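The values are calculated or read from the model by the stated rules, or taken from the named source; none is laboratory data. In this text, all values refer to a predicted model and were calculated from it rather than measured experimentally. Cβ atoms come from the backbone with ideal geometry, glycine included; neighbour counts cover every protein chain shown. Keep in mind that these areas ignore ligands, DNA and RNA; they rest on the heavy atoms of the full protein, side chains included. Shrake-Rupley method; radii C 1.70, N 1.55, O 1.52, S 1.80 Å.
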Amino acid sequence: LCQTKEQRILDFVLKNAVRGDPQSVIDNIDKYCSQREWSMNVGNEKGIILDNVVKESNPSTILELGTYCGYSAVRICRLLKPGVRFFTVEFNPAYAAVAKQIIEFAGLIDKVQVLEGSTGDIIPQLKKKYEVDTLDFVFVDHWKDKYKPDTQLLEKCNLLRKGSVVLADNVIVPGAPDFLEYVRNCGKYDCTNFPSFLEYMDEKDALEKAVFRG
Ligand SMILES: CCCNc1ncnc2c1ncn2[C@@H]1O[C@H](/C=C/CNC(=O)c2cc(-c3ccc(F)cc3)cc(O)c2O)[C@@H](O)[C@H]1O
Ligand SMILES: [Mg+2]
């Protein structure tokens, strides 16, 4: 029996999407969350912007902060060439379990490493334990008050290089004002705002792209 919303989303995907077809997984999550139960996936409007920024960055090493159900992990990894490394961090075991099953159903589990734990613990381990040199692309979509400290932690751990792209969801709703102020004024990033809409709603939201100057 599906007790949680996340389990109901997984169940809907397993029943209605096509195994091995990432686009059908994305479309079915969007269908469920727009028709049945709202859920905090990046969604299709902001998702198209995410797709375009990923495509233009052509990244080889990607980090996502906040996996949730794996919607954006599937969105990003469906665009990646073979051999690319995608790490996604999730500290809620129940969400991580749902995400792994959704990513697996989409046929992308070989490209994805779901790192269970807190970003504060995992980011400092990326170089030594996960053999990461620097990150080409970071998608930030976890607790909004952690965007700024975790971006600063990425800098401190020397995980960003000249041209690394940090793309943040929800800079209008719920908002991440300290993060926005930081990336726009600290002098280390070239920032671009992408106005869009909150997932499955008519409210305005936006993504912020912050390119590290190195
Ligand atoms: C120690 C905490 C920081 N470190 C962390 N390390 C690892 N995983 C972390 C995490 N923080 C949060 N997470 C995970 O990220 C996810 C959290 C996402 C938070 N997102 C939101 O709150 C959010 C919220 C909205 C929203 C918008 C409008 C509204 F009326 C209500 C909600 C829309 C969004 O697109 C959102 O992304 C969860 O899976 C959580 O378990
Ligand atoms: Mg979000």
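Laid out as a table, the results:
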{"read-out": "Asp150 vs. criteria crowded, with 20+ Cβ neighbours inside 10 Å and either within 11 Å of ligand 1 (Cβ to nearest atom) or not in a strand (DSSP E or B) (or both)", "value": "yes"}
{"read-out": "Residues located in the stretch 93-118, provided they are in contact (Cβ under 8 Å) with a residue 60 or more places away in the chain and in contact with a Leu (Cβ under 9 Å, 6 or more places away or on another chain)", "value": "Val98, Gln101, Ile102, Phe105, Leu108"}
{"read-out": "Residues of the stretch 98-123 classified as part of a helix (DSSP H, G or I) and closer than 20 Å to Arg78 by Cα, total", "value": "8"}
{"read-out": "Some residue of the stretch 163-183 being open to solvent by less than 60 Å² (accessible area, probe 1.4 Å), more than 13 Å from ligand 1 (Cβ to nearest atom), at positive phi and in a strand (DSSP E or B)", "value": "yes"}
{"read-out": "Candidate set: the stretch 40-59, residues that are in a loop (DSSP other than H, G, I, E, B) and crowded, with 17+ Cβ neighbours inside 10 Å; chosen: the one farthest from ligand 2 (Cβ to nearest atom)", "value": "Pro59"}
{"read-out": "Count of residues meeting criterion [of a type in the set (A, V, I, L, M, F, W, C), within 16 Å of ligand 2 (Cβ to nearest atom) and open to solvent by less than 70 Å² (accessible area, probe 1.4 Å)] in the stretch 103-147", "value": "3"}
{"read-out": "Residue within the stretch 63-81 that is surrounded by fewer than 21 Cβ atoms within 10 Å (Cβ to Cβ), of a type in the set (S, T, N, Q) and outside any loop (DSSP other than H, G, I, E, B) present", "value": "no"}
